[in-house]
Amino acid sequence: MLELQNVSYQVTEGATEKGILKNINLKIDEDFVAITGPNGGGKSTLAKMIAGIIKPTEGRIFFNGEDITDLSITERAQKGISFAFQQPVRFKGLTVKDLITLAKGTKISVAEACSYLSEVGLCAKDYIDREVNASLSGGELKRIEIAMIMARGTQLSLFDEPEAGIDLWSFNNLIKVFEGMREKINGSILIISHQERILNIADKIIVLAGGEVTAQGTKDEVLPKLLASSEACSTLMNKLA
């Protein structure tokens with residue numbers, strides 16, 4: 001479904017070129033894929049590149065066999081790619097029902113809009129007419145954003161660190177939402193995440209470090225090595241402390 005061929009991304013810092021992504025080659029067609037790795041490794045840059053917010057310096061991106069490298073975020077959305085920001089956007093003056101209706105792209109009933117909220121564990125009657133403003137918590141916004149993506153029903157749903165900025169209770173509920181979404185969505189879910197619980201429900205894990213793919217495979221192939229490496233690093237830090 002999604003293929004990246006020799007994708008690189010550089011930025012200019014003063015008189016030097018800094019490589020953020022370096023010759024990335026990936027094929028993603030599994031139901032649930034997680035991209036992980038250390039901070040500064042290029043994960044969010046890769047997510048924005050797939051969504052169409054930024055374009056690669058080199059290489060091409062294909063979606064369902066079509067070259068989408070030069071398409072905008074709007075054009076990619078029309079092709080079937082949804083993108084959930086790390087920090088969901090607040091829309092003063094719009095209600096939750098307005099957003100779900102916009103996401104669906106057609107006029108829908110209150111009952112249908114409410115069904116999407118129920119899917120993400122929100123009591124519809126408490127949220128359907130609420131304005132999407134500062135009165136909503138980070139966890140509530142994340143779930144409303146997921147409801148919007150479910151309403152869109154696109155082939156690729158991309159989430160950039162959905163756990164960022166939310167409390168443990170909200171995160172535990174997000175895990176349940178993603179597990180349910182995996183069963184019901186007609187397409188692929190791609191999540192950028194550090195969280196072991198998210199990695200543990202993935203069909204495929206891709207490790208990105210230093211702008212390069214350092215490992216990829218099933219969770220049984222990749223996750224044990226990641227956990228062993230993390231434990232070894234923690235042990236070393238404790239010895240140095």
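Does ALA151 satisfy being small (Gly, Ala, Ser) and closer than 19 Å to GLY187 by Cβ?
On the way: small (Gly, Ala, Ser): yes; closer than 19 Å to GLY187 by Cβ: yes.
Yes, satisfied.
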Open item on the list: So, in the stretch 83-105, how many residues would count as being modelled with pLDDT under 85 and either of a type in the set (S, T, N, Q) or touching a Phe, Trp or Tyr at 6+ places or on another chain (Cβ under 6 Å) (or both)?
Closed with: 3
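Counting only residues that are in contact with a Lys or Arg (Cβ under 9 Å, 6 or more places away or on another chain) and not hydroxyl-bearing (Ser, Thr, Tyr), how many does the stretch 98-120 have?
Narrowing the stretch 98-120 to residues in contact with a Lys or Arg (Cβ under 9 Å, 6 or more places away or on another chain): 101, 103-105, 108, 110, 112-114, 116-117, 119-120.
Filter once more, keeping what is not hydroxyl-bearing (Ser, Thr, Tyr): 103-105, 108, 110, 112-114, 117, 119-120.
Adding up the residues that qualify gives 11.
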- [ ] Kindly list, by first and then second residue, each pair from a residue in the stretch 91-119 that is at positive phi to a residue that is in a helix (DSSP H, G or I) and at pLDDT below 85, limited to pairs with Cβ atoms under 6 Å and residues at least 6 apart or on different chains.
- [x] none
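Quick one: which strands (runs of 3 or more DSSP E) sit completely within the stretch 22-108 and have at least 1 residues that are among the hydroxyl-bearing types (Ser, Thr, Tyr)? Full working, then the answer.
Numbers: elements: 32-36, 58-63, 81-84, 91-95.
Fully inside the stretch 22-108 and qualifying: 32-36, 81-84, 91-95.
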Task: Residue, nearest to GLY80 (Cα to Cα), within the stretch 126-174, restricted to residues that are more than 18 Å from the chain's Cα centre (by Cα) and outside any loop (DSSP other than H, G, I, E, B) - done: VAL132
- [ ] Look at LYS55 and say whether it is closer than 24 Å to HIS194 by Cβ, of a type outside the set (A, V, I, L, M, F, W, C) and at pLDDT 90 or above.
- [x] no
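The values are calculated or read from the model by the stated rules, or taken from the named source; none is laboratory data. No experiment lies behind these values; they were computed from the predicted model shown. Here Cβ is always computed from backbone atoms with ideal geometry, including for glycine, and neighbour counts include all displayed protein chains.
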